[in-house]
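Heads up, the thing below is written out as structure tokens.
The values are calculated or read from the model by the stated rules, or taken from the named source; none is laboratory data. Values in this document were obtained by computation on a predicted structure and should not be read as measured data. Reconstructed Cβ throughout: ideal geometry from the backbone, glycine too, with neighbour counts over all protein chains shown. Accessible surface areas use protein heavy atoms only, side chains included; no ligands, DNA or RNA. Shrake-Rupley method; radii C 1.70, N 1.55, O 1.52, S 1.80 Å.
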Amino acid sequence: MMSLIGTMWRNYTVKDNHATYFLFLDVLRDSGVTNMLGATPYLMEQFPELKKKDARTILQDWVESKMMA
């Protein structure tokens with residue numbers, strides 16, 4: 001299933017790293033591959049530079065941004 005996400009993800013390019021993570025999370029959500037509470041490993045797989053703590057923080061920020069929308 002990650003190949004589907006990878007294919008969808010390649011259509012996005014954004015310069016800002018935080019925005020890049022958020023866009024990836026949007027693509028992941030839209031794919032229906034996982035419940036978003038389980039998105040941390042997907043972030044870490046797509047962005048190997050992220051440590052678990054950083055990926056969790058990004059996911060939390062993304063969730064909060066969706067709650068404010």
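State which residue is farthest from residue 55 (Cα to Cα) when the search covers only segment 34-43 and only residues that are open to solvent by less than 40 Å² (accessible area, probe 1.4 Å) and in contact with a helix residue (DSSP H, G or I) (Cβ under 6 Å, 6 or more places away or on another chain).
In the first step, residues of segment 34-43 are kept if they are open to solvent by less than 40 Å² (accessible area, probe 1.4 Å); the result is 34, 36, 38-40, 43.
Those left that are additionally in contact with a helix residue (DSSP H, G or I) (Cβ under 6 Å, 6 or more places away or on another chain): 36, 39-40, 43.
Details: 36: 12, 39: 9, 40: 6, 43: 6 Å.
It comes out as 36.
I'm checking my understanding of the structure. Among residues of segment 1-45 that are farther than 23 Å from residue 67 by Cβ, in a helix (DSSP H, G or I) and of a type outside the set (A, V, I, L, M, F, W, C), which one is modelled with the lowest pLDDT?
Restricting to residues being farther than 23 Å from residue 67 by Cβ, in a helix (DSSP H, G or I) and of a type outside the set (A, V, I, L, M, F, W, C), the top hit is 7.
Quick one: count up the residues across segment 52-69 that are of a type outside the set (S, T, N, Q) and open to solvent by less than 100 Å² (accessible area, probe 1.4 Å). So that I can check it myself, show each step before the final result.
Kept after step one, since they are of a type outside the set (S, T, N, Q), are these residues of segment 52-69: 52-56, 58-59, 61-64, 66-69.
Those still in the list that are open to solvent by less than 100 Å² (accessible area, probe 1.4 Å) too: 54-55, 58-59, 61-64, 66.
So the answer is 9.
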